[in-house]
Amino acid sequence: DAEYLQLHIRHVAGGEFSDYVWNTMKEREIMRFTGPLGSFFLREDSDKPILLIATGTGFAPIKGILEHAFKNGIQREIVLYWGSRTLADIYMPELPSEWQQTHPNFTFIPVLSEPSDADAWNGRTGLVHEAVLNDFANLEGYQVYACGAPVMVEAAYTHCVSRGLPNDEFFSDAFFTSKDLAK
């Protein structure tokens, strides 16, 4: 939607910005920011299948990539692996499930690393990048887009390249917190 920006903000206890957004910010408050400035976007000059790997709010940029691909009629195979600790952490499960119903070239695979008993989870478990590796023995002919926790992005890169993915076909956006940057 060219008219609006959509922000996905995870509430982090003690987080300077997220505490402000969740506890203090008022409706219609004006906030100025700059972004995005990076290189995390869909490469449309390729016909390679696309693997998307997200953790937590790393889904936000992935969502933008997917909406762009669907709007522009991209027909490449697209598989989204979205990892979280529990089912509640996959905060928009209906959206990728709906996309899977309406776009035959799209597959959604949620992966929980620590499902609770209340989740009654029968789906994939473990680390999200390991789920990708369990499904793909050779990634030579793919593009991989990973977004979320730095530890996942680093692990995904290392393991995908070990499975034949060319270095220049891995695109990422690692989400660092202010505490990460202070180290």
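Taking every alpha-carbon pair under 8 Å whose residues sit at least 6 apart, the range 14-119 reaches a relative contact order of 24 percent.
Coordinate range of the alpha-carbon atoms in the chain per principal axis, descending: 48, 41, 38 Å.
Neighbours of Ser46 by Cβ distance under 14 Å: Lys/Arg scored +1, Asp/Glu scored -1, total -4. Size descriptor for the range 40-98, Kirkwood hydrodynamic radius: 12.2 Å (Cα pairs only, one decimal).
Using a 1.4 Å probe on the protein chains only, how many percent of the accessible area of the chain belongs to carbon and sulfur?
Heavy-atom surface of the chain belonging to carbon and sulfur, 1.4 Å probe: 52 percent.
Accessible surface of Tyr142, taken over heavy atoms with a 1.4 Å probe and every protein chain present, rounds to 40 Å². Calculated mean residue ellipticity at 222 nm for the chain: -9000 deg cm²/dmol, from DSSP H runs with n ≥ 4 weighted as -39500 (n - 2.57), summed, divided by the residue count and rounded to 500. I'd like to check one number: the per residue accessible area of the range 42-183, probe 1.4 Å, reported in Å² as a whole number. Accessible surface, normalised per residue, equals 51 Å². Our summary gives the chain a relative contact order of 21 percent, counting only alpha carbon pairs under 8 angstrom and 6 or more residues apart. Placing Trp82, Trp99 in order of accessible area, with the largest value first and a 1.4 Å probe, yields Trp99, Trp82.
The values are calculated or read from the model by the stated rules, or taken from the named source; none is laboratory data. Note that the structure is a prediction, hence the values are computed from the model and not measured. Every residue, glycine among them, receives a Cβ derived from its backbone with ideal geometry; neighbour counts consider all protein chains shown. Side chains are part of the model used for accessible areas, which takes the heavy atoms of the whole protein and leaves out ligands, DNA and RNA. Shrake-Rupley method; radii C 1.70, N 1.55, O 1.52, S 1.80 Å.
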